[in-house]
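Have a look at the structure below, then the notes.
The values are calculated or read from the model by the stated rules, or taken from the named source; none is laboratory data. Because the structure is predicted, anything quoted here is derived from the model rather than measured. Cβ placement follows ideal geometry from the backbone for every residue including glycine, while neighbour counts extend to all protein chains displayed.
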């Protein structure tokens, strides 16, 4: 007879949540190792591109994936999945699938409205869900989480919540978004696109750079992972989600929503603030986002200088995929005990002194905080614990 | 694991309002009523004019659910979360936005429309309007049952993330410009779920998960859809208060 899991009275967590598999494709490479090596070399995938005319927009640079184009009238999102699935991942057929994307196959909508084709059935995220389910041989269908640029952070948090409560044994989280004229024109109209590759936490930053990418994460109940001899890349230890309740586009200046999410995540992880050894920040490079984050970090961590980095100067802001990609990179950061450089960062914004570096930084510790924030006033934070190895 | 349903709010083809003001509920195909600022707020609300149809729909149903639970008035922000399920989300607004991009090669792209091209933006509007600082996100699912929003809300309560959660559905159906997609029944329906209820407010009943989360029960009845849940809530309330019952089933 199996006893029901006993919740940790401090955290409410009943089961440990391991991350066992990672696959990723970004502008820095077609697999996760290329992405990591590119980051450590301080490379950037942000450059001029020709997918559509940028003559009317405030920027002509973005971190596009080479060779990605529509084929057979389908959304490019399926081409992105082709690239993602060059890395073989096996999961049990009863695994739950959670996808995370903000605009899914919105390129189909562009073509439909221009009268140049496009599949109306393939605009919404359900085409992605069906595609991934088919590739992985999953029996169930799953669902998509949409929460702007925190979509995949929340998808990972919900996956972890379901496993930790014993509701699911395996959850596949697939996060992805494309650079399309739809999103590029929109960010341009809001005047938050940087004309040059973005410069997170730099005093002279002037906006974000868009990127595209996809990541697949497999989250497993520890017992299930051990039974199946899966790798222990890292543990999702805590999570928190909070809304600013201030404005739907601008972040709260005082960082209160992000602070609430971080405090929740630390409490659920059962940690003290001083146990966090590095922070993957959202770090978009917009004036207000970066200031808001620095304020929230200082409120939670006080004067302690914990290494903070942003990968958006390298791979751009991958929107709904950002949180998932950054969870994967957080896992690697802990395994390698090295925080990647913040590309584009030269002169620190007030408050970033001693926190952010343009060079790789050696870290020492087992716990990392990763955060994302987005439109709708949403903030999400995840605490990762170092795993046993890749 | 269980909690109390303390408020219901909706906008459907048939009507809109708070659960306690009605004795029947049904979701039907057809044209949704126009949602005016006065339908939701007693006083002028500048932001309402800017909102897209999808946000107005969701905000109205959330506002009614909060009012029904006696939680619409506030002075300090509260840790109340919102989880909404949708099929089409803000697809109609996406079309309206991209139609401003096409004519002048992007020069006339509308920032105000772009601001509403994410399905979770109405949750932000609700958070701003009612000071809700809990988790807020949209789940895209097809077919639309909305039960996953109940499951996640209950998980959030049992994990101690929030003592109060709003959950439900919000959908305008397929935009007419994309006639190729099959139609869903439009409308929004939200439930206020609380760990504990106010002493002066009798809840509709108790909701919980059984069989490891596979089954949702309301006062011992297995729930198959949110429409059924709303009907059962009203049936309970009406029975206790001795009112005339007229629930569509």
If you scan the range B:132-148, which residues turn out to be in a helix (DSSP H, G or I) and facing chain A (nearest Cβ under 10 Å)? B:148
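Per-residue answers, yes or no, for (1) in contact with a helix residue (DSSP H, G or I) (Cβ under 8 Å, 6 or more places away or on another chain); (2) at pLDDT 95 or above; (3) closer than 22 Å to residue A:347 by Cα:
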position	(1), (2), (3)
A:192	no, yes, yes
A:224	no, yes, no
A:253	yes, no, yes
A:262	yes, yes, no
A:269	no, yes, no
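If we keep just the residues of the range A:209-227 that are in contact (Cβ under 8 Å) with a residue 12 or more places away in the chain and not in a strand (DSSP E or B), which is nearest to residue A:343 (Cα to Cα)?
The initial filter retains those residues of the range A:209-227 that are in contact (Cβ under 8 Å) with a residue 12 or more places away in the chain, namely A:209-225.
Of the ones still in play, those that are also not in a strand (DSSP E or B) are A:209, A:212, A:222-225.
Details: A:209: 12, A:212: 17, A:222: 35, A:223: 39, A:224: 39, A:225: 36 Å.
Filtering first and then ranking leaves A:209.
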In the range A:191-224, which residues are surrounded by fewer than 24 Cβ atoms within 10 Å (Cβ to Cβ) and within 23 Å of residue A:31 (Cα to Cα)? A:197
Does the range A:280-287 contain any residue that is under 30 Å from residue B:157 (Cα atoms), in a strand (DSSP E or B) and not assigned by TED's automatic domain parsing to the domain that holds residue A:191? yes
Count of residues meeting criterion [under 27 Å from residue A:130 (Cα atoms) and facing chain A (nearest Cβ under 7 Å)] in the range B:109-122: 5
Every residue in the range B:9-67 that is over 17 Å from residue B:190 (Cβ atoms), without any contact (Cβ under 8 Å) to a residue 24 or more places away in the chain and touching a helix residue (DSSP H, G or I) at 6+ places or on another chain (Cβ under 8 Å), please. B:37, B:44, B:48, B:49
Would you please name the residue that is surrounded by the most Cβ atoms within 10 Å (Cβ to Cβ), looking only at residues in the range B:149-166 that are under 18 Å from residue B:8 (Cα atoms) and facing another protein chain (nearest Cβ under 9 Å)? B:152
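Quick test for you: out of A:124, A:136, pick the one residue that is surrounded by fewer than 21 Cβ atoms within 10 Å (Cβ to Cβ) and over 30 Å from residue A:344 (Cβ atoms).
Numbers: A:124 fails: surrounded by fewer than 21 Cβ atoms within 10 Å (Cβ to Cβ).
One residue alone meets the criteria, A:136.
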Under 8 Å by Cβ, and 6 or more places apart or on different chains, what pairs join a residue from the range A:91-111 that is at positive phi with one that is buried (at least 24 other Cβ atoms within 10 Å of the Cβ)? A:104/A:75; A:104/A:77; A:104/A:123; A:104/A:124; A:104/A:125; A:104/A:128; A:104/A:144
Restricting to the range A:121-144, what's the tally of residues that are within 20 Å of residue B:174 (Cβ to Cβ), more than 8 Å from chain B (Cβ to nearest Cβ) and without any contact (Cβ under 8 Å) to a residue 40 or more places away in the chain? 2
Only residues that are surrounded by fewer than 17 Cβ atoms within 10 Å (Cβ to Cβ) and in contact with a strand residue (DSSP E or B) (Cβ under 6 Å, 6 or more places away or on another chain): list them for the range A:60-88, please. A:60, A:87
Out of all the residues in the range B:126-135, is one or more closer than 24 Å to residue B:186 by Cα and touching a strand residue (DSSP E or B) at 6+ places or on another chain (Cβ under 7 Å)? yes
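Scanning the range A:163-193 for residues that are over 20 Å from residue B:120 (Cβ atoms) and part of a helix (DSSP H, G or I), which turns out farthest from the other protein chains (Cβ to nearest Cβ)? Spell out the reasoning first.
So in the range A:163-193, the residues over 20 Å from residue B:120 (Cβ atoms) come out as A:163-172, A:179, A:181, A:184-185, A:188, A:191, A:193.
If we keep only those that are part of a helix (DSSP H, G or I) too, we end up with A:163-164, A:181, A:184-185, A:188.
Working: A:163: 11, A:164: 8, A:181: 7, A:184: 8, A:185: 4, A:188: 7 Å.
Among them, the one singled out is A:163.
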Looking at the range A:135-146, is at least one residue at pLDDT 95 or above, more than 23 Å from residue B:142 (Cα to Cα) and more than 19 Å from the chain's Cα centre (by Cα)? no
Among the residues of the range B:90-103, count how many are in a loop (DSSP other than H, G, I, E, B) and within 7 Å of chain A (Cβ to nearest Cβ). 1
For the range B:44-89, the count of residues that are assigned to a helix (DSSP H, G or I) and touching a strand residue (DSSP E or B) at 6+ places or on another chain (Cβ under 6 Å) equals 9
Kindly establish whether residue A:266 is part of a helix (DSSP H, G or I) and either under 17 Å from residue A:162 (Cβ atoms) or more than 11 Å from every other protein chain (Cβ to nearest Cβ) (or both). yes
